[in-house]
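To start, the structure under review is shown below, and the notes come after it.
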Amino acid sequence: MSRTLLRGARVVTMTPGRPGAERVDVLVDGDRVAGVGQDLDVPDAEPVDLAGRVLIPGLVNAHLHTWQTGLRAVGADWTLMEYLTLLHGGAVQHYRPDDMYVSNLAGALNQINCGTTTLGDWCHNSLTPEHADAAVEGLVRAGIRAVFLHGTPYRDPDLPHPLTEIDRLLDGPVRDHALLTLGMAVQGPQYSSPDTAVADFRAAAERGLVVSLHQSGGDLAPGWDAVRAAELFGPRTNVVHGSDLPDTWVKALVEAGVTFTSTPENELGQGHGTPVIGALLRHGAAPSLGTDVDTVVPGQVLTAARIALAHQRSLDHAHHRQHAGTHADTPSVTAKQALAWATVEGAKALGLADQVGRIEPGMQADLVAVDTRALNLWPAHDPVAAALHADLANIEAVMVAGRWRKRDHALLDCDLSEVKDRLRSSGERLLHAMDAV
Ligand SMILES: [Zn+2]
């Protein structure tokens, strides 16, 4: 693969100790960043002029049920209980492998279009091996970097995760693709019996896999104590939501290195409880972000970051007014922190912190060029804030592992009209099947 020299942009590296944004060149060699510095002289590299743009690390959407793309927006007014009943109790059983393929393909392409280069695909509709393979194939065809978090539809709390499937995927479909990693999307301690929760966590640990679980309010089930007693919570554990977890538990999990993924738009709208973000910040940690359900909310992780930031500031301002009797002098959370949640923290949550999330020599060349010349961002005095404020129309170019997947505002290497036709057919068939139940 040839070398590319990206010039003229203001670069947000997200590297600790470096300025928020710098006017530096970025050299891409193969699938990696090979250099970051001023006036790099690389005669054999293809120069790309990015004047007027802000270059940021590729965004990380750490939690998306991409298989739901074909049913977009059907649940915009669903509560959490309606979502569980109508989707998981209804539509799920009607999915065919081809529905998984086209939803994952279209959903992953949309993520790239929105600036996501790494996706945590929480695939808890792997009804059969064919369903799982089709979902994986959709991700591969889209060209996104992904952690395929294998999961099943809701099942008996005593049934352990199907490890034959995990090992089969590790031995073939996932192993064969450089941009894919496998993880386990388990029912977890809240929705499994204690023995099953421990067994699933142990199986993930033995394979060195990220193990991710949902937790949304309610009293803690006995599985939590069981997993803690077995000392199986660690940096490769990912708690999704964690809303209303007791503070002592948040503290203990943070101390164990557990990561959290908040999906603020549907958490706030559907009744998941208060996002865990404030509790994490109090204990010196930070969230990663996801968009969770295209059935309910749109899939832009930058939108999630802005909602998370505004909501946390709102809580902090209210707390300050209540206790100090005046408005706060300084913001409790910054725009850069919110951007870090959508980059660095996402990479950490998916076990990829040494590969993506920052623009540094040796890291994967996952990059997004934000066009700050557009009227909604110009003159973009603060490049970090401009990147956070970017809309889809500002995501001009996206590179994954050194390969352009979007340039000049258009996705590359895909027949979008065919994908959209197939997605509509799939979604209409599933909707019809849901209505017939
Ligand atoms: Zn979810």
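The values are calculated or read from the model by the stated rules, or taken from the named source; none is laboratory data. None of these values were measured; they are calculated from a predicted model. Neighbour counts run over all protein chains shown; Cβ positions are idealised from the backbone, glycine included.
When P361 is tested against (1) part of a loop (DSSP other than H, G, I, E, B); (2) under 18 Å from G299 (Cβ atoms); (3) not acidic (D, E), only condition (2) is not met. In summary, L392 fulfils each of the numbered conditions (1) in the same structural domain as D49 (by TED's automatic domain parsing); (2) over 26 Å from Q355 (Cα atoms) with the single exception of condition (2). Looking across G299, G257, G290, G242, one residue alone is among the small types (G, A, S) and surrounded by fewer than 19 Cβ atoms within 10 Å (Cβ to Cβ). It is G257.
Where helices (runs of 4 or more DSSP H) fall entirely within region 274-341, those with at least 1 residues that are under 17 Å from C114 (Cα atoms) are at 301-324, 335-341.
Among the residues making up region 88-123, those that are of a type in the set (G, A, S) and more than 16 Å from the ligand (Cβ to nearest atom) are G90, A106, A108, G115.
Does V60 qualify as being under 23 Å from A342 (Cα atoms), outside any loop (DSSP other than H, G, I, E, B) and touching a residue at least 24 places away in the same chain (Cβ under 8 Å)? Answer is yes for this residue. Among the residues of region 392-413, those identified as of a type in the set (D, E, K, R) and not in a loop (DSSP other than H, G, I, E, B) are E396, R403, R405, K406, R407. Pick from region 289-327 the residues that are among the acidic types (D, E) and within 13 Å of the ligand (Cβ to nearest atom): which of them is nearest to N61 (Cα to Cα)? If we take residues in region 289-327 being among the acidic types (D, E) and within 13 Å of the ligand (Cβ to nearest atom), then D292 is nearest to N61 (Cα to Cα).
If A380 satisfies every condition in (1) away from the ligand (no atom under 16 Å from the Cβ); (2) closer than 17 Å to P57 by Cα; (3) in contact with a helix residue (DSSP H, G or I) (Cβ under 9 Å, 6 or more places away or on another chain); (4) not assigned by TED's automatic domain parsing to the domain that holds N238 but one, which is the exception? The one condition A380 does not meet is (2).
To keep it simple, each residue is scored yes or no on (1) part of a loop (DSSP other than H, G, I, E, B); (2) in the same structural domain as S314 (by TED's automatic domain parsing); (3) more than 14 Å from the ligand (Cβ to nearest atom); (4) not aromatic (F, W, Y).
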residue	(1), (2), (3), (4)
G242	no, yes, no, yes
K251	no, yes, yes, yes
G257	yes, yes, yes, yes
E265	no, yes, no, yes
H272	yes, yes, no, yes
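Of the residues G273, G217, the single one that is over 30 Å from D391 (Cβ atoms), of a type in the set (G, A, S) and touching a residue at least 40 places away in the same chain (Cβ under 8 Å) is G217. Annotation note: of Y83, Y95, the sole residue that is buried (at least 24 other Cβ atoms within 10 Å of the Cβ), farther than 26 Å from R407 by Cα, more than 14 Å from the chain's Cα centre (by Cα) and not assigned by TED's automatic domain parsing to the domain that holds R373 is Y95. Give region 223-240 a look and list any residue that's in contact (Cβ under 8 Å) with a residue 24 or more places away in the chain, more than 16 Å from the ligand (Cβ to nearest atom) and not in a helix (DSSP H, G or I), or say none. Result: A230, L232, F233, G234, P235, R236.
Cβ-Cβ distance below 8 Å, separation of 6 or more or different chains: which pairs start in region 380-394 with a residue that is more than 10 Å from G115 (Cβ to Cβ) and end on one that is among the hydroxyl-bearing types (S, T, Y)? Close Cβ pairs satisfying both conditions: A380/T372; P383/T372; A386/T372.
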